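**Q** Below you'll find the structure I mean.
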Amino acid sequence: MSTVLIIGAGGVSRVVTHKCAMNRDVFSRIVLASRTLSKCEQIRDDIKKAGHGEIEVAQIDVENVKETVALIKKIQPKLVLNIALPYQDLPLMDACLEAGVNYLDTANYEPLDEAKFEYKWQWPYQDRYKNKGLTALLGSGFDPGVTNVFCAFANKYRFDEIHNIDILDANAGDHGHPFATNFNPEVNIREITQKGRYWEKSPTAPQPPKDYTDWDNGEWKETEPLSVKQTFDFPEIGPKKAYLMFHEEEESLVRNIKGLKRIRFWMTFSDQYLTHLRVLENVGMTRIDPVDYEGHKIIPLQFLKAVLPDPASLGGRTKGKTNIGCIFDGIKDGKRKKLYIYNVCDHEKAFEEVGSQAISYTTGVPAMIGAKMLLTNQWKGEGVFNIEQFDPAPFMEELGKQGLPWVEKELPVDFEMKIEK
Ligand code: NDP
């Protein structure tokens, strides 16, 4: 029985808060706090209407660390769930440290003025969290999140060695708008317009010493944004073009899956989506540097966010499914093996259950499960952890029970992706 403080009241938070309220044996008291109080109140009222009981709400701007510390001390939660935006990761990690409470998030920190997805800002909190006997769990969404857990599960229970990992993220949802993003448009577009990157070990690189903890003898290879693609036949969705991108879980998996030789990440986009995105880029609307507009400074991407459909409003109109999973290529009992582990999530079913589309659902459910793992002491540790560092088994078991069942499918060993450049 624990008190939790959930920060942020957007699309993902709606799911996290509903799911926590549906698991009262663990989350006995839930406080939802965000910058806009009315959004918290709306979620609170919907949870009550759905028969999941009472939650409390509060207003907070977490950029103000002092006020956040005061709120945490007043509420005294066991865990703060950061379901706001990546820019809030560091102020919230600071506030949790000062207030002496555990921390969880779903996306790594990035500075507002630089679209860089790296753990270099959050990993250095390791000693401070450890010294205070606190846990910070990073990346407890779907990707990062469940994809990392799939990797840890395959590594521990299905393979002796994993050599290659391909993470594949497909969204075949149709919301009927010519252009909209399924989660925060600013965060989403910053991610997609970056150069692609994947990690590969050089065949001539030296082998890691025994019992190494942080061995990185591979190289990051850069590709032009969305320039490398393949068509993959996604179960329950069908063939879709998937583009090579950099995604933050690659950075921690390279560290934590020992013996890895290559890791890549692929995401599907429709031609219509990419045509709109190119036009917006070409006219400067995706820029993140301030420009002068009638005597004011505005950031074009933030303005674009204001005119695009709110992702939280897409829930009721999105039809179709998502499929996110990992293909592993490695060795088991001396033989080559290829295994595909994935989840399929239906937008309409997600909406029926919690009033959000599948992208928010697939992120929010694992955030609740990660919180449950910590609060029930199934996952214990002092310091800063990426999710694949804990035992994947109890988390995988919860996934099925909480609405995100997964499928394992062995692939022929001669299966190869057909890459187009
Ligand atoms: P939204 O933009 O819908 O919601 C963000 C919420 O955070 C809003 O309620 C916003 O308040 C609040 N917020 C922003 N700044 C502050 C602040 N300074 N203080 C308090 N509250 C603040 O985003 P999403 O719900 O789509 O995404 C939430 C998180 O989930 C993001 O970090 C995103 O990167 C992550 N994500 C992770 C995925 C994964 O698989 N790992 C996939 C998808 C998303 P206001 O309403 O006032 O603006």
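**Q** Taking the condition touching a helix residue (DSSP H, G or I) at 6+ places or on another chain (Cβ under 6 Å), in a loop (DSSP other than H, G, I, E, B) and surrounded by fewer than 21 Cβ atoms within 10 Å (Cβ to Cβ), does Glu63 pass?
**A** yes
**Q** Inside segment 22-36, can you point out the residues that are buried (at least 16 other Cβ atoms within 10 Å of the Cβ) and either within 14 Å of the ligand (Cβ to nearest atom) or not assigned by TED's automatic domain parsing to the domain that holds Ile75 (or both)?
**A** If the condition is that a residue be buried (at least 16 other Cβ atoms within 10 Å of the Cβ) and either within 14 Å of the ligand (Cβ to nearest atom) or not assigned by TED's automatic domain parsing to the domain that holds Ile75 (or both), then Val31, Leu32, Ala33, Ser34, Arg35 are the ones that fit.
**Q** Could you check segment 181-205 and list, in sequence order, the residues that are touching a Leu at 6+ places or on another chain (Cβ under 6 Å) and either at pLDDT 90 or above or at positive phi (or both)?
**A** Correct list: Gly196 only.
**Q** So the check is Cβ under 6 Å with 6+ separation or different chains; which pairs have a first residue in segment 84-97 that's more than 17 Å from Leu5 (Cβ to Cβ) and away from the ligand (no atom under 13 Å from the Cβ) and a second one that's of a type in the set (Val, Ile, Thr) and not in a helix (DSSP H, G or I)?
**A** Once the first residue is more than 17 Å from Leu5 (Cβ to Cβ) and away from the ligand (no atom under 13 Å from the Cβ) and sits in segment 84-97, no partner that is of a type in the set (Val, Ile, Thr) and not in a helix (DSSP H, G or I) comes close enough.
**Q** If a residue must be within 12 Å of Thr17 (Cα to Cα) and touching a His at 6+ places or on another chain (Cβ under 9 Å), how many such residues does segment 349-367 contain?
**A** Residues meeting the conditions: 5.
**Q** To continue, here is another question. Select from segment 223-264 the residues that are aromatic (Phe, Trp, Tyr) and assigned to a loop (DSSP other than H, G, I, E, B) and list them in ascending order.
**A** If the condition is that a residue be aromatic (Phe, Trp, Tyr) and assigned to a loop (DSSP other than H, G, I, E, B), then Phe246 is the only one that fits.
**Q** With the condition kept exactly as written, say whether any residue in segment 344-360 is among the hydroxyl-bearing types (Ser, Thr, Tyr), closer than 22 Å to Leu81 by Cβ and modelled with pLDDT of 95 or more.
**A** Within segment 344-360, none of the residues are among the hydroxyl-bearing types (Ser, Thr, Tyr), closer than 22 Å to Leu81 by Cβ and modelled with pLDDT of 95 or more.
**Q** Tell me yes or no: at least one residue of segment 42-57 is farther than 24 Å from Thr362 by Cβ, assigned by TED's automatic domain parsing to the domain that holds Ala99 and in a helix (DSSP H, G or I).
**A** yes
**Q** OK, next. So which pairs qualify, if the first residue must be in segment 121-140 and closer than 19 Å to Gly370 by Cα, the second must be aromatic (Phe, Trp, Tyr) and part of a helix (DSSP H, G or I), the Cβ gap must be under 8 Å, and the two must be at least 6 apart or on different chains?
**A** Filtered contacts from segment 121-140: Thr135/Tyr129; Ala136/Tyr125; Ala136/Tyr129.
**Q** Restricting attention to segment 342-373, and to residues there that are over 17 Å from the mean Cα position of the chain (by Cα) and not in a helix (DSSP H, G or I), which single residue is farthest from Pro405 (Cα to Cα)?
**A** My answer is Gly355.
**Q** Is it the case that Asn108 is touching a strand residue (DSSP E or B) at 6+ places or on another chain (Cβ under 7 Å), within 11 Å of the ligand (Cβ to nearest atom), closer than 26 Å to Leu301 by Cβ and modelled with pLDDT under 95?
**A** Answer is yes for this residue.
**Q** Related question: From the list Glu236, Glu249, exactly one residue is modelled with pLDDT of 95 or more, acidic (Asp, Glu) and more than 21 Å from the chain's Cα centre (by Cα). Which is it?
**A** Glu236
Per-residue answers, yes or no, for (1) away from the ligand (no atom under 13 Å from the Cβ); (2) in contact with a helix residue (DSSP H, G or I) (Cβ under 9 Å, 6 or more places away or on another chain); (3) more than 19 Å from Thr147 (Cβ to Cβ):
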| position | (1), (2), (3) |
| --- | --- |
| Pro311 | no, yes, yes |
| Gly316 | yes, yes, yes |
| Ile324 | no, yes, no |
| Asp329 | yes, no, no |
| Asp333 | yes, no, yes |
| Arg336 | yes, no, yes |
| Tyr340 | yes, no, no |
| Cys345 | no, yes, no |
| Lys349 | yes, yes, yes |
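**Q** Kindly indicate the residue of segment 106-137 that is aliphatic (A, V, I, L, M) and under 22 Å from Asn188 (Cβ atoms) and also surrounded by the most Cβ atoms within 10 Å (Cβ to Cβ) among those meeting that condition.
**A** Only one residue tops the list, namely Ala107.
**Q** Restricting to segment 118-137, and then to whatever is touching a helix residue (DSSP H, G or I) at 6+ places or on another chain (Cβ under 7 Å) and either at pLDDT below 95 or within 14 Å of the ligand (Cβ to nearest atom) (or both), can you tell me which residue is farthest from Lys380 (Cα to Cα)?
**A** Within segment 118-137, the match that is farthest from Lys380 (Cα to Cα) is Glu118.
The values are calculated or read from the model by the stated rules, or taken from the named source; none is laboratory data. Model, not experiment: these values are computed from the prediction. Cβ coordinates were reconstructed from backbone atoms using ideal geometry, including for glycine residues, and neighbour counts include every protein chain displayed.
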